[in-house]
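Trainee: First the structure, which I've put down as structure tokens, then a few questions once you've had a look.
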Amino acid sequence: MIPFLSTASDDEQAHWLEQLNNNTHGLTFAHPDQIDPSQPRVAVFTAPAASQLNQFPNLEWAQCTWAGVDQALSQTAVPIARLVDPGLTAIMAEAVLAWTLYLQRDMPHYQRAQRTRQWEPRPYRPPESISVAIFGAGQLGLAGAERLHQHGFDVTTLSASSAPIVPWTHITGTATPAQLARFDLIVNLMPASASTQRHYTTDFWSQCQPGLGFINFGRSAAVVDADLHQALNHGHIGHAVLDVFDHEPLDMADWKYGHEAVTVLPHISAQTPAPSAAKVIIETLRRYRLDGAVPAMVDRSRGY
């Protein structure tokens, strides 16, 4: 039996177990309290439940149901495979497009106008006139860029080392001040690692054009909170859509809730879809049981 470890609600855990156990390969998944701790060689877990892996002393590796595993790496030494799920990727690409359109059509302006009972139409800005930069050109970043490119946006992807062959502009390494200054909107989808922490600072924002749009679907550690607050107050950032935070749920007293230039999302940009994720996980574990094939493990020095 394979343990499924989660901190989610009982209903959500039951849904996951139903999807995982709906297979024809003889794989059985169960709550950890139903399993002899000495038996499992592999486990499936949600990132917040990573510390529970430590109760199984003979685990060879564990499959995470999340794409982001930085939270899990600090809780266990068990080798971890992150989820690579086409369903999750599609949901993230949809979110990138949806919230880019939200800023392209200046929805925050119309929300403010409604609250003050003002009738204030603004000129339409076509997608091709808006330069969108996606920081992080992994699977999720490239999928989001593809969706924006298809919609007509002027897209640039940036990554530290990769050089994908894409029909839009790609920058490998650090963007120059001139390059930063031309972006109308930045989407953060960088993974959490030592090199990406504190990436978005006052110095970074000062190189961007005033009124920049910012969407953070990556990790909160990349953003210096006080510098973000200052950039919003000084107009360096026109509006920020934030879906990830240092502490979740976000504290009720946090300044972001009351800031008119911030949209707070409860970490919903790319929720893992259990049906498609279960199929990926089952196939991975089927191969592992058949011939010992282990998926690529997260490189702890890089964080992904």
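Trainee: For the stretch 1-98, report the translational diffusion coefficient in µm²/s to the nearest whole number, using Stokes-Einstein at 20 °C, 1.002 mPa s, and a Kirkwood Rh over Cα pairs.
Mentor: Using the Kirkwood radius from Cα pairs, D works out to 151 µm²/s.
Trainee: Ranked highest first by average number of other Cβ atoms within 10 Å, how do 138-148, 209-219, 83-93 line up?
Mentor: My ranking of the peptides, most packed first, is 138-148, 209-219, 83-93.
Trainee: Related question: Got a sec? Which residues in the stretch 67-90 would a label at Arg287 touch, if it sits 7 Å along Cα→Cβ and we count backbone N under 14 Å?
Mentor: Backbone N within reach: 81-86.
Trainee: What percent antiparallel are the DSSP beta bridges of the chain, to the nearest 5?
Mentor: 0
Trainee: Ok, one more. May I have the convex hull volume per residue, in Å³, for the Cα set of the stretch 57-117?
Mentor: Taking only Cα atoms, the stretch 57-117 has a hull volume of 119 Å³ per residue.
Trainee: Continuing with this model, one more query. Can you check what the net charge comes to around Thr201, using other residues whose Cβ is under 13 Å from the Cβ of Thr201 (Lys, Arg +1; Asp, Glu -1)?
Mentor: For residues surrounding Thr201, the net value is -2.
Trainee: Using the Karplus curve 6.51 cos²θ - 1.76 cosθ + 1.60 with θ = phi - 60°, work out ³J(HN,Hα) for each residue of the stretch 73-84 in order, rounded to whole Hz, and write x for Gly and Pro.
Mentor: 4, 7, 9, 8, 9, 5, x, 10, 9, 7, 7, 10
Trainee: While we're on this one: Amide H neighbours of Asp154 under 5 Å, counting only residues 5+ apart in sequence or on other chains, H built in-plane at 1.01 Å?
Mentor: The list, which skips near neighbours in sequence, is Ile130, Val132.
Read-outs: derived from the displayed coordinates by stated rules, not from any lab. Because the structure is predicted, anything quoted here is derived from the model rather than measured. Virtual Cβ from ideal backbone geometry, glycine too; neighbours counted across all protein chains shown.
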